[in-house]
């Protein structure tokens, strides 16, 4: 299960870096309506906020992991969603490279 925590953290870093880069270059916009204004006005601060938030939540969940029987399934679902998001980022990056 430790690998799932690590995968979520790495995929979150990838998401933040790609999102901030995509927004700063004007190639993408934030799809999450809750973060849209924040990340478009202050992308670096929003990225740090997301990383600190995810790190805090992962630490809390890790401490509670033995009490939550279904946690492995939930974390696997989170990884799956984050892999899809990473795929979307790879798609726009490839499109951007093609236009150069």
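Data for the structure
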read-out: Between 0 and 90°, nearest 10: helix 2-25 axis offset from the chain longest Cα axis; value: 20
read-out: Percentage relative contact order, the chain, counting C-alpha pairs under 8 Å, at least six apart; value: 42
read-out: The chain - mean residue ellipticity at 222 nm from DSSP helices (-39,500 (n - 2.57) per run, n ≥ 4, rounded to 500); value: -28000 deg cm²/dmol
read-out: Burial ordering of 1, 88, fewest other beta-carbon atoms within 10 Å first; value: 1, 88
read-out: Taking 40, 30 and counting other C-beta atoms within 10 Å, the order from fewest to most; value: 40, 30
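No value in this document is a laboratory result; all are computed from the given coordinates. If you're wondering where the values come from, they're calculated on a predicted model, not measured in any experiment. So basically every Cβ, Gly included, is an ideal-geometry build from the backbone, and we count neighbours across all protein chains shown.
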